[in-house]
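As structure tokens, the structure follows; a few thoughts come after it.
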Protein chains: 2
Amino acid sequence: MRLSEIGEFGLIKSFRKQIKTDRSVFMGSGDDCAVLKLNSSSYQLFTCDMIIEGVDFRKTDDLKFVGRKALAVSISDIAACGGLPRYAVISLGLPKNMQVEQAGLLAKGIFDLARKYKINIVGGDISACAKLIIDVSMLGEVKKHKLCLRRGARPGDIIMVTGSFGGSIKGKHLKFTPRLEEANFLVNHFKINSMIDVSDGLLQDLGHILEQSSAGAVLYESLIPLSKDAKNTEEALCSGEEFELLFTASREQANKIIKSSKYGFSVIGEIMPVSFGLRLIDHKSRYSKFSLRNGYCAEARTGRSFKAGYRHF
Amino acid sequence: MRLSEIGEFGLIKSFRKQIKTDRSVFMGSGDDCAVLKLNSSSYQLFTCDMIIEGVDFRKTDDLKFVGRKALAVSISDIAACGGLPRYAVISLGLPKNMQVEQAGLLAKGIFDLARKYKINIVGGDISACAKLIIDVSMLGEVKKHKLCLRRGARPGDIIMVTGSFGGSIKGKHLKFTPRLEEANFLVNHFKINSMIDVSDGLLQDLGHILEQSSAGAVLYESLIPLSKDAKNTEEALCSGEEFELLFTASREQANKIIKSSKYGFSVIGEIMPVSFGLRLIDHKSRYSKFSLRNGYCAEARTGRSFKAGYRHF
């Protein structure tokens, strides 16, 4: 059998079975970051993300934005866990015939964003490679009581998001600002029960929260904030690499978050018991039910020809 | 200008100029690992290494060994700093038409070695990629007084190595055992002034120690331990990916290390003042002088068609 048949999720599951970790690991693979015990008050966050020419960006894209994206994707993961990014190492696969100025643009994109977020670039590795590849590994820190994982959603929680969704491929996937400020505002002032960044797609990533929290959910189509590039709600629900935050909090906390209105947080639904499954209520109050087992957006995903595969394990 | 003209070292230098780090970074880019302040007694080590099909291994190589190598390269970096490996995250670029069993072999190579060295694999990222790519980022720990860097060599230090050199491309580059046990034996019982793992080649990596220590050195051709796969001493001096340890210690400490004779450590030369440069004394007591500025093994390196580029920055 080929990888294209079993799929990334199948492969990831078979890998996970073989992994054993010791007690210094609070949370291993399966969330936006690994969570390692650091000291009595804090955890260390550890994540990696690889972006590849022709898969995650086009050969013709401005390399300043490509470098920026490589770092921003990992910052988004740290943000989704409620932490602050601190250190990064970067592996580069560079084509031999690349112009030095192009490599300079790539570096500028990386270093400018690192400076903005006070991230120490502490090392790297350069290899010759036919296609441009950038892999960023990042370390962050989070106070124990601020840590957000996927597994904490509870029936009755209100489901909220930052920003708007849809059509990320038209530019946002390359130029997004990671929602670090929003994430830190949330964990500093409220009790967030679960959080994830939307890299696979809103439905898919909500599915990760539901799976790990053993919960169901109801979403209201009319509440999904659509970006100007969105085709329609269906596309917005399945669009990958939106890099918005998807999070849940108790009704009481959600009320306070909405009242704070400091950032554009939107309510999109509610966490339900697992037996409820995942249902989407449309504009005419009809509902569609999605299977938790078979994954979401199967059809929509095949349309994402540009984004051929991008998964955490 | 193209990258192939400026070269990896030129690019790395221009990158380094743009990097600023805060006081939590004891040592940023420029050594085998980055060294981060962890607590009052220990540092954290952070390193990454990317290996690419057609550059660092052949498409026909046993993927169990490829996976093993991906992890072993980073373990070797941690060892060279005197530390112990603890955690790793792994980014994989996998061809879509790869067989699932092949991916399983790759994973087995990684997980078996991780188990042997008690390394926690805590996460990763899978992308679709035309060529197989594995990038490992590893965290380690080292007691402050055991940390070894490249910059600590002093005139009068004896230069020593583990194992033997030459012809790594015939198999050792894929099947080597990282010298973690030897490195830990050294830092636990002796005062090691500088250490590096030989990935670029013995002369080249000694050059890194000399550059960062502002020192010169004399090497004795007759003392270079040749492996059974070595063509000759010149090849052994330039062969990359040997993954042996190259280290220096005072004469007194060196005597004790030799007497301990627990592992096969060999004396190969002596650290000299920087004005002495780097000289190789041949079997007939003639010496060749190498330029520190222009790099070593320029000729030999062009012969390394397989190992097209592999550098830390």
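Observations on the structure shown:
- Scope the stretch A:241-252; condition surrounded by 19 or more Cβ atoms within 10 Å (Cβ to Cβ) and not small (Gly, Ala, Ser); matching residues: A:241, A:242, A:243, A:244, A:245, A:246, A:247, A:248
Results for (1) in contact with a Pro (Cβ under 9 Å, 6 or more places away or on another chain); (2) part of a strand (DSSP E or B); (3) under 16 Å from residue B:72 (Cα atoms), shown as yes or no for each residue.
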| site | (1), (2), (3) |
| --- | --- |
| B:154 | no, no, no |
| B:160 | no, yes, no |
| B:174 | no, no, yes |
| B:177 | no, no, yes |
| B:183 | no, no, yes |
| B:187 | no, no, no |
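- Residues of the stretch B:1-32 classified as facing chain A (nearest Cβ under 7 Å), of a type outside the set (S, T, N, Q) and under 21 Å from residue A:119 (Cβ atoms), total: 7
- The single condition among (1) modelled with pLDDT of 95 or more; (2) assigned by TED's automatic domain parsing to the domain that holds residue B:80 that residue B:193 does not satisfy is (2).
- Total residues in the stretch B:33-59, condition in a loop (DSSP other than H, G, I, E, B) and more than 9 Å from chain A (Cβ to nearest Cβ): 4
- Scan of the stretch B:248-295 for residues that are of a type in the set (A, V, I, L, M) and either at pLDDT 95 or above or assigned to a helix (DSSP H, G or I) (or both), ordered by number: B:249, B:254, B:257, B:258, B:267, B:268, B:271, B:272, B:274
- Annotation: residue B:145 fulfils all but one of (1) in contact with an Asp or Glu (Cβ under 8 Å, 6 or more places away or on another chain); (2) surrounded by fewer than 18 Cβ atoms within 10 Å (Cβ to Cβ); the unmet one is (1).
- Taken over the stretch B:89-100, residues that are more than 16 Å from residue A:9 (Cβ to Cβ), more than 7 Å from every other protein chain (Cβ to nearest Cβ) and in a strand (DSSP E or B) amount to 1.
- Selection over the stretch A:1-47 of residues that are hydroxyl-bearing (Ser, Thr, Tyr), at pLDDT 85 or above and under 18 Å from residue A:212 (Cα atoms) gives a count of 1.
- Every residue from the stretch B:117-140 that is out of contact with any helix residue (DSSP H, G or I) (no Cβ under 7 Å at 6 or more places or on another chain), under 30 Å from residue B:27 (Cα atoms) and not in a loop (DSSP other than H, G, I, E, B): B:120, B:122, B:123, B:124, B:125, B:133, B:135, B:137, B:139
- Residues located in the stretch B:13-35, provided they are under 21 Å from residue B:138 (Cα atoms) and aromatic (Phe, Trp, Tyr): B:26
- From the list B:186, B:180, B:203, the one residue that fits, being under 25 Å from residue B:283 (Cα atoms), buried (at least 21 other Cβ atoms within 10 Å of the Cβ) and either touching an Asp or Glu at 6+ places or on another chain (Cβ under 9 Å) or in contact (Cβ under 8 Å) with a residue 60 or more places away in the chain (or both), is B:203.
- Of B:103, B:114, B:79, all but one fail to be within 7 Å of chain A (Cβ to nearest Cβ), crowded, with 22+ Cβ neighbours inside 10 Å and part of a helix (DSSP H, G or I); the exception is B:103.
- Condition check for residue A:165: surrounded by fewer than 24 Cβ atoms within 10 Å (Cβ to Cβ) and in contact (Cβ under 8 Å) with a residue 24 or more places away in the chain: no
The values are calculated or read from the model by the stated rules, or taken from the named source; none is laboratory data. Because the structure is a prediction, the values reported are computed rather than measured. Cβ sites come from the backbone with ideal geometry, for glycine too, and all protein chains shown count toward neighbours.
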